[in-house]
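Single-structure report; data block below.
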Amino acid sequence: MTASTADTEDKILDLAEALIRTNGYNGFSFREIASGVGVKSSSVHYYFPTKADLGAKVAKRYTDRFLDTLGDPDMPTVSADALVERLHAEFASALGKDGQMCLCGVLAAESAGLPDAVVKEAKSFFDKTGEWLKRGLKKTEWGSNATEEDLAKQSLSVLAQLEGAMLIARIQGKPAWFNDLKPKISELEI
């Protein structure tokens, strides 16, 4: 793949991600992507034969970038609240950047009407992010005596709270509210 080819593919993925986060999966077309990137619609199809291929690739790239930013869950032991804060900060960054939802949160909300490949990648975001938090929590004093099942439940609970807080902050047009709705895991019992 040449630098120009990779650059075009990245531009397509960037625009598709922005449009999905703004309008949802069904809120954009290949024609709109082509126009925004400055290529023919057939060029978008060259990189991504179907919209499902494009949506799945966008979700996978989003997940990979999100987890890369979070870092190693097996880092030196920190507190449970510090782990949740790290996760909260990544969600806050996405919301603060452009006032839009987490890409996979949008896709999850629309999952009943999405192609299987897109649903699979959106689900992967939650599976991998939940696993990241579970692994980190296991190393904390708070989670050291918890069962795997309890850690998994608490991890999913934190993700649900963060996604819900994003929804509320976005619909109210008050992104700053997201910081006020931050979960504190140390206050939870396992």
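Among the residues of this structure, Val58 does not count as one that is within 22 Å of Glu9 (Cα to Cα), of a type in the set (Val, Ile, Thr) and free of Cβ contacts under 8 Å to residues at least 24 places away in the same chain. If the condition is being among the polar types (S, T, N, Q) and part of a helix (DSSP H, G or I), then the stretch 1-37 contributes Ser4, Thr5, Thr8, Thr22, Asn23, Asn26, Ser35. Might you let me know whether the stretch 125-145 holds any residue that is of a type in the set (Lys, Arg), under 13 Å from the mean Cα position of the chain (by Cα) and closer than 19 Å to Arg86 by Cα? The answer is yes, given that some residue of the stretch 125-145 is of a type in the set (Lys, Arg), under 13 Å from the mean Cα position of the chain (by Cα) and closer than 19 Å to Arg86 by Cα.
Just one residue in the set Leu54, Leu70, Leu19 is modelled with pLDDT of 90 or more, closer than 17 Å to Trp132 by Cα and crowded, with 16+ Cβ neighbours inside 10 Å; that residue is Leu70.
In the stretch 149-173, the qualifying residues are those that are of a type in the set (D, E, K, R) and within 16 Å of Gln100 (Cα to Cα), and the one that is farthest from the chain's Cα centre (by Cα) is Arg170.
Yes/no matrix, rows are residues, columns are (1) touching a Ser or Thr at 6+ places or on another chain (Cβ under 7 Å); (2) in a helix (DSSP H, G or I); (3) among the hydroxyl-bearing types (Ser, Thr, Tyr); (4) farther than 17 Å from Gly71 by Cα:
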| site | (1), (2), (3), (4) |
| --- | --- |
| Gly96 | no, yes, no, yes |
| Val106 | no, yes, no, yes |
| Ala112 | no, yes, no, yes |
| Val119 | yes, yes, no, yes |
| Lys123 | no, yes, no, yes |
| Phe126 | no, yes, no, no |
| Thr129 | no, yes, yes, no |
| Leu133 | yes, yes, no, no |
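Within the stretch 38-50, the presence of at least one residue that is out of contact with any helix residue (DSSP H, G or I) (no Cβ under 7 Å at 6 or more places or on another chain), of a type in the set (Phe, Trp, Tyr) and assigned to a helix (DSSP H, G or I) is confirmed. Filtered by the rule that a residue be touching a helix residue (DSSP H, G or I) at 6+ places or on another chain (Cβ under 8 Å) and either of a type in the set (A, V, I, L, M) or at positive phi (or both), the stretch 153-179 gives Leu156, Val158, Leu159, Leu162, Ala165, Met166, Leu167, Ile168, Ala169, Ala176.
The values are calculated or read from the model by the stated rules, or taken from the named source; none is laboratory data. Everything quoted here is computed from the prediction, not taken from an experiment. Cβ atoms come from the backbone with ideal geometry, glycine included; neighbour counts cover every protein chain shown.
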